[in-house]
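See below for the structure under consideration.
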Amino acid sequence: MTAGPLLLIAAAGLAAGIVMGRAQPRLWLALTLVATTAGLLAAGTILLGAPAWEWRSGFDFAGEEFHLRLDGVSSFFLALLSLIGGLGAAYSHEYWTDERYPKSAGRGRMWWSALVLSMGMVLLSSNGLHFLIAWELFAVSSYFLITLDRQRRDVRAAGWLFFAASHFGTLCLFAFFAAIAAHHGTWELGPMRDDPATAWLFWLALAGFGLKAGLFPLHIWLPSAHANAPSHVSAILSGVSIKMGLYGLVRFSGWLPVPAAAGWVVLGLGAAGALLGIAFALGQNDYKRLLAYSSVENMGIIAIGLGAALVAAPPEDAGWARLALAGALLHAWNHGLFKSLLFFSAGSVLHATGTREMSRLGGLWRTMPWTAALFLLGAVAVCALPPLNGFVSEWLIYVGLFDAVTSHGSAAWAAMPAIIVLGMTGALALATFAKAGAIIFLGAPRTRRVAHAHESGPWMRGPMLVLAAGCVAVALAPLAFWPAVARAVGAWRPAWEASEPPAAFASLGPVQLTLALAGVTVAMALWERGRHRGVRRALTWDCGYALPSARMQYTSGSFGGLATGWFGWILQPERTLRRPRGLFPREALALQRVPETVLERVMTPVGGVILQVSAAARRLQHGRLQFYIFYVVVGLAALAALVLFGSMR
Amino acid sequence: MIAALEIILRLAGWLVLAPLLPGIINKVKAWVAGRRGPPVLQLYFDLARLWRKSVVLSTLASPGFVAGPAIAWVAIAGAALLLPLGPAGAVVGFRGDVLLLIYLLALARFGTAWAALETGSAFEGMGSAREVSYAVLAEAALITAVLSLSVHSGSITLETMLTPAAGPGAVLLAGGLFTVLLAENCRVPFDDPNTHLELTMIHEAMILDHSGPPLAVILHGAAVKLLLFAVLLTEAVLPVGAMPPLAGTGALLAGVLAVTVGVGVVESLLARLAFRRVPLLLTTAFLLCLFALLVAWKGGPA
C-alpha cells in the first residue's frame with residue numbers, strides 16, 4: 001500500500017478517536033493503535049525508498065489549497081510520532097483510567113488524539129498558513145493534556161507557563177511564515193534555497209522552533225511542563241513534541257537559505273544546552289524534573305550535530321557534516337525511544353508510590369523489578385553508554401566532529417569545544433542517571449508507602465517493553481536503520497542523497513552485540529560462582545554499625561552536591577538550614593532546591609519590572625472624569641505648542 | 001580463526017599481566033620507605049583466595065550488586081583489547097574506536113557506581129558520588145588528550161593515532177594523562193588505596209560491601225584498568241608503534257614499568273589532597289591536555 005491511503009486511515013482513525021474518545025476507552029484505544037500503525041507504515045514506505053508523497057486537495061481551506069507532502073525529513077519524524085503516539089495511548093489505558101480520574105480521563109483521550117493528529121498535520125503541511133493552524137492546534141492540545149490534572153496549583157502554573165512560552169514562539173513563527181509569504185507571494189512551502197535575501201528569516205525560525213525544541217536558554221517552560229504533566233503526556237512531550245521544534249529547524253534550514261553564522265549559533269546553543277541542561281538535571285530532587293532537564297541536554301546534543309551540519313557551508317560537500325547530521329537525526333529517534341521509556345517507568349513509579357520526590361523512594365527494585373530493570377536500561381541508553389542505542393548516535397556525532405577537526409578547516413574551532421563539552425556532558429549524564437536509578441530503585445525504602453509499592457500491569461509494562469526492544473534493536477543492528485537516516489539526510493540536502501554508511505558503522509553492531517553477550521555471560525558466571533561458593537545474607541556493613549536505618553542512606557541532594565557545587569554560578573542552589581540546637585534539640589531542617597535559574601533569576605525579574613512600569617502607568621487611569629478632561633486639555637495644549645513652535649522654525 | 005586466536009591470546013596477556021602492576025607499586029613504596037614490603041605477586045594470591053571464598057550479600061542488594069562488577073570487568077577488558085600493542089598493532093580496530101574506548105571506561109564506572117549504591121550505605125554513596133563527579137573533569141582531560149592525538153595524527157583510529165605518538169606536545173600530554181591516570185585509578189594524591197578511614201576514600205569506599213568472587217573481579221578489573229592507562233600513556237608519549245618490533249616491545253614494557261614506578265614514587269612522596277583541592281589538580285590536567293592540543297594544532301598534521 002502506498003503512503004496516501006495509509007495516511008487517510010491514520011487521519012480518519014485519529015479524528016474518530018477525538019469524537020469517540022470521551023465515552024469509549026476501548027474503541028478509542030483500538031482506533032488510535034490502528035491509526036498510529038498506519039502512520040508508522042506510511043512513514044516506513046517513504047523511509048525505505050518510496051518516492052516522496054504529495055497531495056493537493058483542489059479545494060480551498062482557509063483561503064488556501066491543501067498541500068500535503070511526506071518526504072524523507074517529515075516521514076522520519078512521523079515514524080517517531082506514530083510509535084510514541086500509539087504506545088502512549090496503550091500506556092494511558094492503565095495509567096490514566098476512568099476509575100482513577102473520572103473527570104479527566106475522557107478529556108485526556110480526546111486531546112491525545114487531537115495532539116497526535118495536529119502534530120501529524122504539522123509534519124505534512126506544505127503550506128505556511130496550514131502549518132501555522134496545525135502548530136496552534138498542537139500547542140492547544142498539548143496545553144490541555146498538560147493540565148489534565150488541573151486541581152493542582154502547580155499543574156495550572158506549569159500549563160500557563162507553557163501556554164505563554166508557546167505563544168511567544170508562535171508569534172515568531174507568524175512573522176516567519178508571513179515574511180516568506182510576502183517575499184514569495186505565496187504561502188506554498190518547498191525548497192527555496194536560491195534567494196539569499198530571505199536568509200535572515202532563519203533567526204525568527206530559530207527563536208520560534210528553538211523555543212519548542214527547548215534549546216537553552218529558551219527551555220524555561222520545559223521542566224515544569226514535563227514534570228507536572230501526566231507521565232504518558234510527559235513521554236510524548238519529551239519524546240516527540242520537542243522534536244517538532246527540531247523538525248522545524250531541520251525542515252526550514254534545508255528549504256531556505258541560512259545566514260553564515262547560523263551553524264555556529266546553533267552549535268553554540270547546543271553545546272551550552274547540553275552541558276547546563278545536564279548540570280541542572282543533576283541538581284534535581286524530583287525525578288520527572290530530572291528527566292525533563294535531561295531532555296534539554298539531549299536536544300542540545302542534537303543541536304550540536306545539526307549546527308555542525310550547518311557550519312559546513314553549502315558549496316563545501318563535507319563528509320563529516322553528513323555524519324554529524326545523521327547522528328543528530330538518529331539521536332532524535334533514540335532520544336524519543338529512551339526518554340519515553342524513562343518517562344513511562346517514572347510514571348510507573350509515580351503510579352505506585354504517589355511521590356515525585358526521589359528522597360522519599362528507595363528499594364523499589366524488590367516490588368517493581370520490571371520497572372527497575374527497564375529504567376536501568378533507559379538510563380544506560382541515555383548516558384550514551386555502549387552497548388545501547390544512545391552510544392550509536394553520539395558516536396556518529398563524535399566522528400563527524402572529529403573529522404571536522406582533522407580536516408583542519410575553520411569548522412574545527414567549533415568542533416573542538418563541542419567535543420570537549422560532549423565528553424563532559426556524557427560524564428555528567430552518567431552521574432545524573434546513576435543517582436536517579438540508585439536513589440529510586442536501590443537501597444532501603446525510605447517511607448512506608450514505598451515499601452508497599454506494586455508493580456504496574458501489562459498495559460503499562462507492554463509499551464515499556466516495546467520501547468526497550470526498540471533501544472536494543474538500534475543498538476545491536478544500527479546498520480538496519482541507516483537507510484532511513486540517509487533518506488532524511490538526502491531530503492535535507494539533495495546533494496547528500498544516497499550517502500553510504502561510514503565503514504566503521506558496520507562494525508559497531510557486531511562489537512556492541514559481542515559486548516552485550518560477554519557482559520551477560522560474565523555476570524551470570526559470576527553469579528553462579530558466588531552461589532557455588534555459598535551466599536550469606538547479612539546487614540549492610542556500614543563500618544560495623546549494627547542498626548543502619550533507611551534514613552541514613554545517601555540522598556539525591558548529597559549525591560549530586562559535589563558536582564552541582566561546581567555549577568553553582570548558574571544553578572544558584574537554594575539552601576535552608578536549621579541546625580539542631582541546645583541539649584534537647586527540637587526540630588532541625590535542611591532543605592535544598594535548584595531553581596530554574598533562567599526563569600526565576602532572569603525572566604521573572606524582567607517580567608516584574610514590566611509589570612511595575614505597567615502598574616505605574618495604570619495610575620493615570622482612575623476613572624475620575626475631570627482628570628480625563630484635564631489630560632485631553634494638556635494633550636491639546638501640547639499639540640498646539642508643537643504646531644505653533646514647529647511652524648515658527 | 002587466527003584473528004580469534006590472537007584476540008584470546010592478547011586478552012589472556014592483559015588479564016594475566018595486569019595484577020603485576022599494583023604489586024610493583026607496593027614494592028616501590030616499600031623500597032622508598034625502607035621496608036621489605038609484600039611480594040610482587042601479592043595480588044595474585046589475594047585474587048586466588050577471594051575467588052575461593054563464599055559471598056556475603058547485603059540484605060538490600062539486588063542482582064545488580066554482582067552484575068555491576070561483572071559488566072565493569074567486561075567493559076575494561078573490552079577497552080584493553082581495543083588498544084594497539086606497540087609494533088604488534090591492534091586486533092580489533094575501526095574508525096572511531098577511540099570513542100568506544102572512552103565510553104567503555106564510562107560503562108565500567110557506571111557498573112561499579114551502581115553496584116556500590118545497591119547496599120544503601122552512606123559510605124558507598126559517598127564513594128560513588130565522588131567517583132562520578134571527579135570523572136567529569138577527568139573525562140574532559142581525557143577527551144582533550146585524545147583530541148590532541150587525533151589532530152597530530154589526522155586520524156581517529158587508535159592504531160594510527162598512537163603510532164606517531166604526540167610529537168612536540170608529548171611532555172604536556174604526558175603530564176596531563178599521568179594525572180588522569182592517577183585520578184581514574186584512584187591513586188594518591190586523589191585517593192589513598194591503603195587508608196582505612198572510609199570517610200576519605202573513593203574507590204575503596206565503593207567496594208566496602210563486596211566480598212568473595214565479586215570482590216576479586218573488582219580488584220582484577222582495577223588492575224587491568226591501571227595497565228590500560230599505563231599502556232595508553234606510554235604509547236601516547238613514545239612512538240612505539242613506529243619502532244622495529246623488538247625495540248618497540250622493549251620500549252613499551254619499559255614505558256609501562258616507568259609509569260608504574262612513577263605511580264609508586266608519587267605515592268611515597270605525596271600525601272592525599274584535601275577533597276576540595278582535587279578539582280584544581282584535575283583542571284590542571286585538563287589545561288595541560290588543552291595546551292598539548294594547541295601545540296598539536298599549530299604543528300599541523302604529522
* Asked: For B:TRP297, which of the numbered conditions (1) farther than 21 Å from B:ALA145 by Cβ; (2) within 14 Å of another protein chain (Cβ to nearest Cβ); (3) surrounded by fewer than 24 Cβ atoms within 10 Å (Cβ to Cβ) fails to hold?
  -> (1)
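Restricting to the stretch A:289-299, name every residue that is surrounded by 24 or more Cβ atoms within 10 Å (Cβ to Cβ) and not polar (S, T, N, Q). Lay out the reasoning, then the answer.
First, the residues of the stretch A:289-299 that are surrounded by 24 or more Cβ atoms within 10 Å (Cβ to Cβ): A:290-299.
Across the stretch A:289-299, the qualifying residues are A:LEU290, A:LEU291, A:ALA292, A:TYR293, A:VAL296, A:GLU297, A:MET299.
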* Lone unmet requirement of (1) at the interface with chain B (Cβ under 9 Å from one of its Cβ atoms); (2) under 35 Å from the mean Cα position of the chain (by Cα) for A:PRO573 -> (1)
* For the stretch A:513-523, enumerate the residues that are hydrophobic (A, V, I, L, M, F, W, C) and within 8 Å of chain B (Cβ to nearest Cβ). => A:LEU515, A:ALA518, A:VAL522, A:ALA523
* What about B:TYR44, is it of a type in the set (Ser, Thr, Tyr), part of a helix (DSSP H, G or I) and within 10 Å of chain A (Cβ to nearest Cβ)? -> no
* Structure fact -> Quick count over the stretch A:103-135, residues being in a helix (DSSP H, G or I) and among the charged types (D, E, K, R), is 2
* To do: Would you be able to tell me the number of residues in the stretch A:421-433 that are within 7 Å of chain B (Cβ to nearest Cβ) and in contact with a Leu (Cβ under 7 Å, 6 or more places away or on another chain)?
  => 3
* **Check on A:GLY462, assigned to a helix (DSSP H, G or I), small (Gly, Ala, Ser) and crowded, with 18+ Cβ neighbours inside 10 Å** => no
* For B:HIS220, indicate whether it is within 14 Å of chain A (Cβ to nearest Cβ) and either in a helix (DSSP H, G or I) or closer than 27 Å to B:CYS289 by Cβ (or both). => yes
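Okay, residues lined up against (1) touching a Cys at 6+ places or on another chain (Cβ under 9 Å); (2) small (Gly, Ala, Ser); (3) at pLDDT below 95; (4) assigned by TED's automatic domain parsing to the domain that holds A:ALA332:
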{"residue": "A:GLU65", "(1), (2), (3), (4)": "no, no, yes, no"}
{"residue": "A:LEU68", "(1), (2), (3), (4)": "no, no, yes, no"}
{"residue": "A:SER82", "(1), (2), (3), (4)": "no, yes, no, no"}
{"residue": "A:SER104", "(1), (2), (3), (4)": "no, yes, yes, no"}
{"residue": "A:ARG107", "(1), (2), (3), (4)": "no, no, yes, no"}
{"residue": "A:LEU117", "(1), (2), (3), (4)": "no, no, no, no"}
{"residue": "A:GLY128", "(1), (2), (3), (4)": "no, yes, yes, no"}
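So that you can scan it fast, the table gives a plain yes or no per residue for (1) without any contact (Cβ under 8 Å) to a residue 40 or more places away in the chain; (2) surrounded by fewer than 24 Cβ atoms within 10 Å (Cβ to Cβ); (3) more than 13 Å from chain A (Cβ to nearest Cβ); (4) more than 18 Å from A:VAL405 (Cβ to Cβ):
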position	(1), (2), (3), (4)
B:MET126	no, yes, no, yes
B:ALA129	yes, no, no, yes
B:TYR134	no, no, no, yes
B:GLU139	yes, no, no, no
B:ALA145	no, no, no, no
B:ALA170	no, yes, yes, yes
B:ALA174	no, yes, yes, yes
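Examine the stretch A:406-416 for a residue that is within 27 Å of B:VAL132 (Cβ to Cβ) and at the interface with chain B (Cβ under 8 Å from one of its Cβ atoms), and state whether such a residue exists. Walk me through how you get there before you give the answer.
Applying the first criterion (within 27 Å of B:VAL132 (Cβ to Cβ)) to the stretch A:406-416 yields A:415-416.
Filter once more, keeping what is at the interface with chain B (Cβ under 8 Å from one of its Cβ atoms): A:416.
Yes: one or more hits.
Taking helices (runs of 4 or more DSSP H) that do not extend beyond the stretch A:183-262, which have at least 2 residues that are buried (at least 18 other Cβ atoms within 10 Å of the Cβ) and free of Cβ contacts under 8 Å to residues at least 60 places away in the same chain? I'd like the intermediate steps shown before the answer.
On the way: elements: A:201-213, A:222-228, A:231-236, A:242-255.
Answer list for the stretch A:183-262: A:201-213, A:242-255.
For the stretch A:333-357, which positions are in contact with a Gly (Cβ under 9 Å, 6 or more places away or on another chain) and not basic (Lys, Arg)? It would help to see each step written out before you state the result.
So in the stretch A:333-357, the residues in contact with a Gly (Cβ under 9 Å, 6 or more places away or on another chain) come out as A:333-345.
Once the filter is applied, which keeps residues that are in contact with a Gly (Cβ under 9 Å, 6 or more places away or on another chain) and not basic (Lys, Arg), the stretch A:333-357 yields A:TRP333, A:ASN334, A:HIS335, A:GLY336, A:LEU337, A:PHE338, A:SER340, A:LEU341, A:LEU342, A:PHE343, A:PHE344, A:SER345.
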* **Subset of the stretch A:1-43 [among the hydroxyl-bearing types (Ser, Thr, Tyr) and either touching a His at 6+ places or on another chain (Cβ under 8 Å) or in a helix (DSSP H, G or I) (or both)]** => A:THR32, A:THR36, A:THR37
* Structure fact -> For helices (runs of 4 or more DSSP H) lying entirely in the stretch A:270-371, having 2 or more residues that are without any contact (Cβ under 8 Å) to a residue 24 or more places away in the chain and among the acidic types (Asp, Glu) picks out none
* Matching option when the condition is surrounded by fewer than 19 Cβ atoms within 10 Å (Cβ to Cβ), within 14 Å of chain B (Cβ to nearest Cβ) and outside any helix (DSSP H, G or I), among A:ARG536, A:ARG446, A:ARG531 -> A:ARG536
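Quick one: count up the residues across the stretch B:58-68 that are assigned to a helix (DSSP H, G or I) and more than 7 Å from chain A (Cβ to nearest Cβ). Steps first, please.
Pass one, the stretch B:58-68, residues assigned to a helix (DSSP H, G or I): B:64-68.
Adding the requirement that they be more than 7 Å from chain A (Cβ to nearest Cβ) leaves B:64-65, B:68.
The total comes to 3.
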* To do: Under 8 Å between Cβ atoms, at least 6 apart or on separate chains: pull out the pairs that start in the stretch B:264-289 with a residue that is without any contact (Cβ under 8 Å) to a residue 24 or more places away in the chain and end on any residue that is among the β-branched types (Val, Ile, Thr).
  => none
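Which residues, taken from the stretch B:113-123, are more than 21 Å from the chain's Cα centre (by Cα) and either in a helix (DSSP H, G or I) or of a type outside the set (Gly, Ala, Ser) (or both)?
Our first condition is that a residue be more than 21 Å from the chain's Cα centre (by Cα); within the stretch B:113-123, this holds for B:117-123.
B:LEU117, B:GLU118, B:THR119, B:ALA122, B:PHE123 - these are the residues of the stretch B:113-123 that are more than 21 Å from the chain's Cα centre (by Cα) and either in a helix (DSSP H, G or I) or of a type outside the set (Gly, Ala, Ser) (or both).
For residues that are in contact (Cβ under 8 Å) with a residue 60 or more places away in the chain and within 8 Å of chain A (Cβ to nearest Cβ), scanning just the stretch B:108-123, find the one that is surrounded by the fewest Cβ atoms within 10 Å (Cβ to Cβ).
Out of the qualifying residues, it is B:PHE123.
A quick yes/no check of all residues on (1) within 13 Å of chain B (Cβ to nearest Cβ); (2) more than 26 Å from A:LEU78 (Cβ to Cβ):
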residue: A:LEU330; (1), (2): no, no
residue: A:LEU337; (1), (2): no, no
residue: A:SER348; (1), (2): no, yes
residue: A:GLU357; (1), (2): no, yes
residue: A:GLY362; (1), (2): yes, yes
residue: A:PRO369; (1), (2): yes, yes
residue: A:PHE375; (1), (2): yes, yes
residue: A:ALA381; (1), (2): yes, no
* Asked: Do you know which residues across the stretch A:481-509 are out of contact with any Leu (no Cβ under 9 Å at 6 or more places or on another chain), under 18 Å from B:PHE94 (Cβ atoms) and assigned to a helix (DSSP H, G or I)?
  -> A:ALA503, A:ALA504, A:SER507
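Do we have any residue at all in the stretch A:549-559 that's within 14 Å of chain B (Cβ to nearest Cβ), loosely packed, with under 14 Cβ neighbours inside 10 Å and either closer than 30 Å to B:LYS53 by Cα or of a type in the set (A, V, I, L, M) (or both)? Give the derivation first.
Filtering the stretch A:549-559 down to residues within 14 Å of chain B (Cβ to nearest Cβ) leaves A:549-559.
Right, trim to loosely packed, with under 14 Cβ neighbours inside 10 Å and you get A:549, A:551.
Going one step further and asking which of them are either closer than 30 Å to B:LYS53 by Cα or of a type in the set (A, V, I, L, M) (or both), we end up with A:549.
Yes, because at least one residue in the stretch A:549-559 is within 14 Å of chain B (Cβ to nearest Cβ), loosely packed, with under 14 Cβ neighbours inside 10 Å and either closer than 30 Å to B:LYS53 by Cα or of a type in the set (A, V, I, L, M) (or both).
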* Taking B:PHE275 as meeting all but one of (1) more than 19 Å from B:ALA174 (Cα to Cα); (2) more than 11 Å from chain A (Cβ to nearest Cβ), write down the number of the exception. => (2)
* What tally of residues in the stretch B:69-107 results from selecting those that are surrounded by 23 or more Cβ atoms within 10 Å (Cβ to Cβ), facing chain A (nearest Cβ under 10 Å) and among the β-branched types (Val, Ile, Thr)? -> 3
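The values are calculated or read from the model by the stated rules, or taken from the named source; none is laboratory data. Predicted model only: the values in this text are computed from it and were never measured. When we count neighbours, we look across all protein chains shown, and the Cβ atoms used for this are built from the backbone with ideal geometry, even at glycine.
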